[in-house]
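The numbers here are math on the coordinates, done by the rules we state, and not lab data. What you are looking at is a predicted structure, and each value in this text was computed from that prediction instead of being measured. Note that we place each Cβ from the backbone using ideal geometry, even for glycine, and neighbour counts take in every protein chain shown.
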Ligand code: NAD
């Protein structure tokens, strides 16, 4: 894989000026892909200054010119699928299906956001004051600070960067320190597509070293953060301290409810994907499956058989569905939470094992909500099956978490399944499907500790723009 060891600021590749050297490692082989010096505070100053200057020129262009530039970016991205694919394999340990999803959806996102420059609409309102007319103009925020996680690194950077830029803003992007190369590739694609210098700046470094300074930086007009609830709370309070708007897309603990008339074969097939896609490192992934006395044993039998058939190992192998966790610290955290769940009395339906950073899938039963596997976000290949006594208890269990991101309800009576879904405190629910789903034009977002605000489509357009009221009175 090509080495990415420079920061991308003002359209120029240059060595970071931070204190620490960081390593980008292949999570499967352990190989060091590149060493880079973290961005420092002086780099942040330069990145925000470059973004401010670029934004003014970018927004001064006619919408048609901005659409042309975004179209070039779309074509460039499309032409570089192989580069992205390789990076997601080596840097993030993504399997073949995960890479196919992430690369394909990235191209879709680029195509979808091309239309945004024409969507900045306004409003005219009557006035009670004689001779006055009220005009409401929609306009970009200015400079958007984007902070992205490592689990779906390209899409989760892109789904903020693209609408921000397409709505007339410039961006300073900080990727997770485990996955800097995906963000640098985005910088490279901006350059290849001849986007204006400074429109996207990429500053990589440890969140602990530059994160606070990035959020506090007066050069940023709003912060778009995707990551854990713990870090999201800190970012929200730092941004609140300087009265800066934020979008927070945070963690999840998502359930699948199997109603009395659920198709168990189909549910089991979907649950395998929902629980183990990208080795369980997906915010919308399934943490818990809520059965009933009448379907518990049958579901466990079908599900366990399917899970045992999953191949875990080298993500380069097309037959592998479960690849490595992102780093060894995550493996240790996962194992500690699993051990305390087993000590607390959970039973093993499918027993996994660990080889390097690869954890083979685990399925647990006899789990209650006090156990870590049920109440926390494990972010690894484990799913817990909880038996409820009736549908009311299924709903109560699904809601008995601090999170409220996504969920799933299986039932042949779709109207009844919808009625159950409407009672879940969850921003998103999938009927007769698993809980992972994201479409560029469809609303996305969580309740409770899973986030603040809504994303995608018109929701993100509104989030990344602001409005100005001009009260115009005739001079006569
Ligand atoms: P994380 O919160 O540890 O890190 C996310 C980003 O924040 C990284 O770039 C990190 O360097 C940065 N960061 C860390 N400390 C910071 C600070 N003090 N100030 C500013 N930035 C800081 O999350 P992660 O481990 O990279 O990703 C996994 C988490 O993300 C999971 O909780 C998952 O559920 C969540 N997630 C949510 C969504 C969603 O759309 N709701 C999508 C994907 C992932």
Condition broken by residue 188, with the remaining ones in (1) surrounded by fewer than 20 Cβ atoms within 10 Å (Cβ to Cβ); (2) in contact with a strand residue (DSSP E or B) (Cβ under 6 Å, 6 or more places away or on another chain) satisfied: (2)
Filtered residues of the stretch 436-447 (kept if touching a strand residue (DSSP E or B) at 6+ places or on another chain (Cβ under 9 Å) and more than 12 Å from the ligand (Cβ to nearest atom)): 443
Tally, over the stretch 314-327, of residues that are in contact with a strand residue (DSSP E or B) (Cβ under 6 Å, 6 or more places away or on another chain) and more than 16 Å from the ligand (Cβ to nearest atom): 1
Selected residue (criterion: surrounded by the fewest Cβ atoms within 10 Å (Cβ to Cβ)) from residues of the stretch 123-168 that are free of Cβ contacts under 8 Å to residues at least 40 places away in the same chain and not in a helix (DSSP H, G or I): 128
Any hit, the stretch 417-431, residues being surrounded by fewer than 18 Cβ atoms within 10 Å (Cβ to Cβ), closer than 25 Å to residue 141 by Cβ and touching a strand residue (DSSP E or B) at 6+ places or on another chain (Cβ under 7 Å): no
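Conditions (1) in contact (Cβ under 8 Å) with a residue 12 or more places away in the chain; (2) surrounded by 14 or more Cβ atoms within 10 Å (Cβ to Cβ); (3) in contact with a helix residue (DSSP H, G or I) (Cβ under 7 Å, 6 or more places away or on another chain), marked per residue:
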{"residue": "307", "(1), (2), (3)": "yes, yes, yes"}
{"residue": "313", "(1), (2), (3)": "yes, yes, no"}
{"residue": "316", "(1), (2), (3)": "yes, yes, yes"}
{"residue": "319", "(1), (2), (3)": "no, no, no"}
{"residue": "323", "(1), (2), (3)": "yes, yes, yes"}
{"residue": "328", "(1), (2), (3)": "yes, yes, no"}
{"residue": "334", "(1), (2), (3)": "yes, yes, no"}
Test result for residue 226, crowded, with 22+ Cβ neighbours inside 10 Å, within 9 Å of the ligand (Cβ to nearest atom) and touching a residue at least 60 places away in the same chain (Cβ under 8 Å): yes
